[in-house]
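Reading through the structure tokens given below for one structure.
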Amino acid sequence: MNFGIVGTGLIAEFHAKALAEISGARLAACFDIVQERASAFAARFGCAAYSDMEAFLRHPGLEVVNVCTPSGLHLDAALPAAAAGKHLIVEKPLEISAERCDRMIEACDRAGVTLSGIFPSRFHASSRAIKGALEAGRFGRLTMGNAYVKWWREQSYYDKGGWKGKKALDGGGALMNQSIHAIDLLRWFMGPIDEVCAFTGAAGHAGIDVEDNAIAAVRFASGALGAIQGSTAVWPGFLKRVEVSGMDGSAVMEEENIPFWKFRAETAEDDAIRERFAAATGTGGGAADPAAIGHHGHKLQFLDVIGAIERGAAPAIDGREAAKAVAVIEAIYRSAETGKPVKVEER
């Protein structure tokens, strides 16, 4: 299966590395609006380079387009790719608003192509262990679910210019850009979020028009309660943490580690899970360095998408599923702006 990457920034490198490890997958082409950047990326990863989108989409045999542009430009790449009959894998967030997500989903539906939004944390073995325990009912009635992304970014991260920290292209700050992975996991574990009440602000960085600090109280549709905290102003930066608790058990995940796993009714497998995931994280998780992440989650998600395309089925995280985290974040922003609780409007 032939892939092409649109946008050759940092995250595109992780896409290319993941594709290189998949038998039968081939990075055939890349596109960047700056030809020099496209050529440098192509030389590094062994593919054709384009700065003309129409020519890129006509590349012989191109089947899947991976969108790795700034968040607010995802739709601009997705629309022509879908119209050209290409399947799409789009980096998080799917887009920077529910309305733009809807336009992308509708375009892919009309074209009959597969759309998947990137959330590689769902494919980690530790995430799957928690999801499996939830599906087996081991937590009992769910009571609390929390997501904490207390990361650190130097001022230089925002001073480089470009799109980071700019509402028009980033869609938001510590929530939309960094915390969205944990927010997606929290919703996947705990079920739909009904309502949020939030505060946001720019606490530690200059020259940005988005939040670098945010907190939201959460009420899930099940009646469980929780909290979301997201920041890029917490030194030295900590691994993202998701907590799931119920009447019969609790689990805590820090990146890929599970430092706490305990149930009222223990099984023979529980000790093995505690041992296996005591120190599963092999990177910094992006907590202080955006490049300090792995590409193994991307690889697993790409394999899922390839299988879905081959079977003519929906991938595990299709466009509608990927858009749910954006809806949660939009509700948090509206609550912070209005000072009132806001209902989450999932499509």
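The values are calculated or read from the model by the stated rules, or taken from the named source; none is laboratory data. Predicted model, so just to flag it, every value in this text is computed and none were measured. Methodologically, a virtual Cβ is constructed for each residue, glycine included, from the backbone with ideal geometry; neighbour enumeration extends over all protein chains shown.
Here Gly294 clears all of (1) part of a loop (DSSP other than H, G, I, E, B); (2) touching an Asp or Glu at 6+ places or on another chain (Cβ under 8 Å); (3) not hydrophobic (A, V, I, L, M, F, W, C) except the condition numbered (2). Restricting the stretch 72-100 to residues that are of a type in the set (D, E, K, R) and free of Cβ contacts under 8 Å to residues at least 60 places away in the same chain, the residue that is surrounded by the most Cβ atoms within 10 Å (Cβ to Cβ) is Arg100. Residues in the stretch 138-163 that are assigned to a loop (DSSP other than H, G, I, E, B) and in contact (Cβ under 8 Å) with a residue 40 or more places away in the chain were compared, and the one that is farthest from Phe277 (Cα to Cα) is Gly162. With respect to the conditions (1) in the same structural domain as Val196 (by TED's automatic domain parsing); (2) over 14 Å from the mean Cα position of the chain (by Cα); (3) in contact (Cβ under 8 Å) with a residue 40 or more places away in the chain, Gly339 lacks only one, and its number is (3). Regarding the stretch 29-52, can at least one residue be identified that is farther than 23 Å from Ala314 by Cα and basic (Lys, Arg)? Looking for residues that are farther than 23 Å from Ala314 by Cα and basic (Lys, Arg), one finds at least one in the stretch 29-52, hence yes. Residues of the stretch 238-260 include none that is in a helix (DSSP H, G or I) and in the same structural domain as Met190 (by TED's automatic domain parsing). Within the stretch 170-193, the residues that satisfy the criterion of being crowded, with 17+ Cβ neighbours inside 10 Å and not hydrophobic (A, V, I, L, M, F, W, C) are Asp170, Gly171, Gly172, Gly173, Asn177, Gln178, Ser179, His181, Asp184, Arg187. Based on this model, can you work out whether Leu88 counts as at pLDDT 95 or above, within 19 Å of Ile309 (Cβ to Cβ), under 16 Å from the mean Cα position of the chain (by Cα) and not in a loop (DSSP other than H, G, I, E, B)? Judged against the criteria, Leu88 is a match. Each residue in the stretch 3-21 was checked for being buried (at least 16 other Cβ atoms within 10 Å of the Cβ) and either of a type outside the set (Gly, Ala, Ser) or at pLDDT below 95 (or both), and 10 of them qualify.
For the residues Leu73, Leu62, Leu19, Leu115, the requirement of being in contact with a helix residue (DSSP H, G or I) (Cβ under 6 Å, 6 or more places away or on another chain) and of a type in the set (A, V, I, L, M, F, W, C) singles out Leu115.
Would you confirm whether any residue within the stretch 116-136 is among the small types (Gly, Ala, Ser), over 29 Å from Ala265 (Cβ atoms) and either assigned to a loop (DSSP other than H, G, I, E, B) or under 18 Å from the mean Cα position of the chain (by Cα) (or both)? First the steps, then the outcome.
Narrowing the stretch 116-136 to residues among the small types (Gly, Ala, Ser): 116-117, 121, 125-127, 129, 132-133, 136.
Subset that is over 29 Å from Ala265 (Cβ atoms): 116-117.
With either assigned to a loop (DSSP other than H, G, I, E, B) or under 18 Å from the mean Cα position of the chain (by Cα) (or both) added as a condition, the list becomes 116-117.
Checking the stretch 116-136: at least one residue is among the small types (Gly, Ala, Ser), over 29 Å from Ala265 (Cβ atoms) and either assigned to a loop (DSSP other than H, G, I, E, B) or under 18 Å from the mean Cα position of the chain (by Cα) (or both).
Residues in the stretch 131-188 that are charged (D, E, K, R) and within 15 Å of Ala216 (Cα to Cα): Lys150, Asp184, Arg187.
Does Val34 fit the bill of being surrounded by fewer than 19 Cβ atoms within 10 Å (Cβ to Cβ), among the aliphatic types (A, V, I, L, M) and over 30 Å from Ile332 (Cα atoms)? Let's see the steps before the verdict.
Details: surrounded by fewer than 19 Cβ atoms within 10 Å (Cβ to Cβ): yes; among the aliphatic types (A, V, I, L, M): yes; over 30 Å from Ile332 (Cα atoms): yes.
The answer is yes for Val34.
Of all residues in the stretch 307-334, those being out of contact with any helix residue (DSSP H, G or I) (no Cβ under 7 Å at 6 or more places or on another chain), within 17 Å of Phe123 (Cα to Cα) and either without any contact (Cβ under 8 Å) to a residue 24 or more places away in the chain or buried (at least 22 other Cβ atoms within 10 Å of the Cβ) (or both) number 2.
The condition of being within 24 Å of the chain's Cα centre (by Cα), among the aromatic types (Phe, Trp, Tyr) and under 30 Å from Glu346 (Cα atoms) holds for only one of Phe3, Phe45, Phe31, Phe14, that being Phe14.
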